[in-house]
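Enquirer: This is the structure I want to talk about, given as structure tokens.
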Amino acid sequence: MDENTYRSPTERVEVWLDASTLHIRFNNPARLNALSIDMWEAVPVLLAQAEGDDRVRMVVFSGAGEKAFVSGADISQFEDMRAAREAVARYEIIAEAALTAIYRFSKPTLACIRGFCVGGGINVSISCDLRIASSDSVFFIPAARLGLGYRHSAMKILVDLIGPGAAKDLFFTARKIDADEARSLGLVNRVCPPDALAALLSEYTTALAVNAPLTVRAAKAVIGEILKPAPDFDAEMCQSLIRGCFESEDYAEGRRAFMEKRKPVFAGK
């Protein structure tokens, strides 16, 4: 796979590989990066490529411009896409497929948020493993103002992340919250001034570029199992992933580097 392999199916989603980080940027600034059908459809396609690309250790989602990460759904399509019951079902299936692809992606994912993060934007961000935000970001879920139903899968992810009380607060009131409150709720991991967002993102991409990828992926998978109901917890799979780390070339390299007092160079093997 060469550097030019990644081609977005739509101009409203930009993609590029920077060292070991794949960037996926929503590019619909005229509508504050509201998600259109073609934007939803692009996400699983790009993640499927990244899944099998050993160069990729992390995927970062962002929004074009400085005003919004994602401002929700592109309602200009609603007359066509949601006018009939069949259209509603198709829209929901496409959005669900994209969010599921993000949530189940085996490598670390991060949402880099600046500006409005609304509705579907929150769904994208909470489907990621990590979320960082500029201090001028604004978050809210307007479903109660629009009469929309929310998918069980998206609601579960939100409740697992911030708890039922905070989830009810955001849904029942549809109120806007700032980045600091989002951090206090656990909706985002870290907040920084807008002009420091690029540096904060670099901190994560650099860490993921040098840390042992098998260890990171195993940790992500085990945490995912922990969040499942007890009957669905796969202890054998977790043990297999842990054994794989100890039996890997990376573990041997980590021990050698420690003894030689140098930084390890991990290959993901």
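The values are calculated or read from the model by the stated rules, or taken from the named source; none is laboratory data. The model shown is predicted, which means the values in this text are computed figures rather than measured ones. Counting neighbours? That spans all protein chains shown, and the Cβs are built from the backbone with ideal geometry, glycine included.
Enquirer: Could you identify the single residue in Val159, Val216, Val191 that is closer than 20 Å to Glu66 by Cα and of a type outside the set (Lys, Arg)?
Expert: Values: Val159 fails: closer than 20 Å to Glu66 by Cα; Val216 fails: closer than 20 Å to Glu66 by Cα.
Val191 is the lone residue from the list that is closer than 20 Å to Glu66 by Cα and of a type outside the set (Lys, Arg).
Enquirer: Consider Ala199 against the criteria (1) crowded, with 16+ Cβ neighbours inside 10 Å; (2) under 26 Å from Val56 (Cα atoms): it satisfies all of them except one. Which criterion is unmet?
Expert: (1)
Enquirer: Sticking with this one: Looking for whichever is modelled with pLDDT of 95 or more, over 30 Å from Gly244 (Cβ atoms) and assigned by TED's automatic domain parsing to the domain that holds Gly65 here; the options are Ser134, Ser202. Which one fits?
Expert: On the way: Ser202 fails: over 30 Å from Gly244 (Cβ atoms).
Within the list Ser134, Ser202, the selection yields Ser134.
Enquirer: Would you say Ser127 is modelled with pLDDT of 95 or more and more than 20 Å from Gly65 (Cα to Cα)?
Expert: Values: modelled with pLDDT of 95 or more: yes; more than 20 Å from Gly65 (Cα to Cα): yes.
Answer is yes for this residue.
Enquirer: With the structure loaded, tell me whether Ile157 is at pLDDT 95 or above and either outside the structural domain of Lys67 (by TED's automatic domain parsing) or touching a helix residue (DSSP H, G or I) at 6+ places or on another chain (Cβ under 9 Å) (or both) or whether it fails that test. Explain how you work it out, then say what you get.
Expert: Details: at pLDDT 95 or above: no; either outside the structural domain of Lys67 (by TED's automatic domain parsing) or touching a helix residue (DSSP H, G or I) at 6+ places or on another chain (Cβ under 9 Å) (or both): yes.
So Ile157 fails the test.
Enquirer: For the range 12-29, name all the residues that are surrounded by fewer than 23 Cβ atoms within 10 Å (Cβ to Cβ) and over 19 Å from Lys67 (Cα atoms).
Expert: Val15, Trp16, Leu17, Asp18, Ala19, Ser20, Thr21
Enquirer: Next question, about the same structure. Test Gly224 against the stated conditions and say whether it is in the same structural domain as Leu110 (by TED's automatic domain parsing), more than 25 Å from Gly63 (Cα to Cα), of a type in the set (Gly, Ala, Ser) and without any contact (Cβ under 8 Å) to a residue 12 or more places away in the chain.
Expert: Values: in the same structural domain as Leu110 (by TED's automatic domain parsing): no; more than 25 Å from Gly63 (Cα to Cα): yes; of a type in the set (Gly, Ala, Ser): yes; without any contact (Cβ under 8 Å) to a residue 12 or more places away in the chain: yes.
No, not satisfied.
Enquirer: For the range 123-139, give me the residue count where each residue is over 17 Å from the mean Cα position of the chain (by Cα) and not polar (S, T, N, Q).
Expert: Filtering the range 123-139 down to residues over 17 Å from the mean Cα position of the chain (by Cα) leaves 135-136, 138.
Remaining after also requiring not polar (S, T, N, Q): 136, 138.
Qualifying residue count, the range 123-139: 2.
Enquirer: Are there helices (runs of 4 or more DSSP H) fully within the range 140-185 with at least 3 residues that are out of contact with any strand residue (DSSP E or B) (no Cβ under 8 Å at 6 or more places or on another chain) and surrounded by 15 or more Cβ atoms within 10 Å (Cβ to Cβ)? List them. Full working, then the answer.
Expert: Values: elements: 143-146, 152-162, 164-173, 179-185.
Answer list for the range 140-185: 152-162, 164-173.
Enquirer: So which residues in the range 29-73 are part of a loop (DSSP other than H, G, I, E, B) and either aromatic (Phe, Trp, Tyr) or more than 14 Å from Gly120 (Cα to Cα) (or both), if there are any at all? First the steps, then the outcome.
Expert: Step one: list which residues in the range 29-73 are part of a loop (DSSP other than H, G, I, E, B), which gives 32-34, 36, 52-57, 64-67, 71-72.
Correct list: Gly52, Asp53, Asp54, Arg55, Val56, Arg57, Ala64, Gly65, Glu66, Lys67.
Enquirer: Looking at the structure I just gave you, is Tyr91 surrounded by 17 or more Cβ atoms within 10 Å (Cβ to Cβ), touching a helix residue (DSSP H, G or I) at 6+ places or on another chain (Cβ under 7 Å) and at pLDDT 90 or above?
Expert: Values: surrounded by 17 or more Cβ atoms within 10 Å (Cβ to Cβ): yes; touching a helix residue (DSSP H, G or I) at 6+ places or on another chain (Cβ under 7 Å): yes; at pLDDT 90 or above: no.
So Tyr91 fails the test.
Enquirer: List, please: which pairs have Cβ atoms under 6 Å, are six or more places apart or on different chains, and start with a residue in the range 235-260 that is closer than 25 Å to Gly224 by Cα and end with one that is modelled with pLDDT of 70 or more and among the acidic types (Asp, Glu)?
Expert: Partner pairs satisfying both residue conditions: Cys238/Glu225.
Enquirer: Return the residue satisfying two criteria in turn: it lies in the range 212-269 and is over 28 Å from the mean Cα position of the chain (by Cα) and assigned to a loop (DSSP other than H, G, I, E, B), and of such residues it is modelled with the highest pLDDT.
Expert: Lys263
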